[in-house]
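Since the structure comes first, as structure tokens, the remarks are kept for the end.
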Amino acid sequence: MDTSASPGFEDVLSEAERLELEFPHWRIWRSRGGRTLVATRTVDDDIEPTVMADSPDELRNKLRHPGKRVGRLLSAEQMAAIVAVLSR
């Protein structure tokens, strides 16, 4: 891979690897344009699945306190609990 077009690119890669070690349930990579760091959640839970930042420090801060996942469909168990409450 030619990194000569992006000064410091290897430093960013090593920082991304360090972030992945620090936050093991995230896959961290650079956007196609190389300006944005993207973290994608590797487990299916209630934490937001994607976090973006402009610097490693900003991403680290966001990953320490990620938001909740939104827009997720209810599971069969959750639907059954809602139906049970509403049928009382």
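The values are calculated or read from the model by the stated rules, or taken from the named source; none is laboratory data. Just so it is clear, the structure is predicted and the values come from calculations on it, not from any experiment. Glycine also receives a Cβ, built like all others from the backbone with ideal geometry; neighbour counts cover every protein chain displayed. What goes into the accessible areas is simple: the full protein's heavy atoms, side chains included, and nothing from ligands, DNA or RNA. Shrake-Rupley method; radii C 1.70, N 1.55, O 1.52, S 1.80 Å.
On the given criteria, is ARG72 within 21 Å of PHE23 (Cα to Cα) and either surrounded by 10 or more Cβ atoms within 10 Å (Cβ to Cβ) or under 11 Å from the mean Cα position of the chain (by Cα) (or both)? Quick ask: steps written out before the conclusion?
Details: within 21 Å of PHE23 (Cα to Cα): no; either surrounded by 10 or more Cβ atoms within 10 Å (Cβ to Cβ) or under 11 Å from the mean Cα position of the chain (by Cα) (or both): yes.
Criteria not met by ARG72.
Scan segment 22-44 for residues that are open to solvent by less than 50 Å² (accessible area, probe 1.4 Å) and within 16 Å of ARG64 (Cβ to Cβ) and report the count.
We begin by selecting, within segment 22-44, every residue open to solvent by less than 50 Å² (accessible area, probe 1.4 Å); these are 23, 26, 28, 31, 34, 36-41.
Remaining after also requiring within 16 Å of ARG64 (Cβ to Cβ): 23, 26, 28, 37, 39, 41.
Final tally of qualifying residues: 6.
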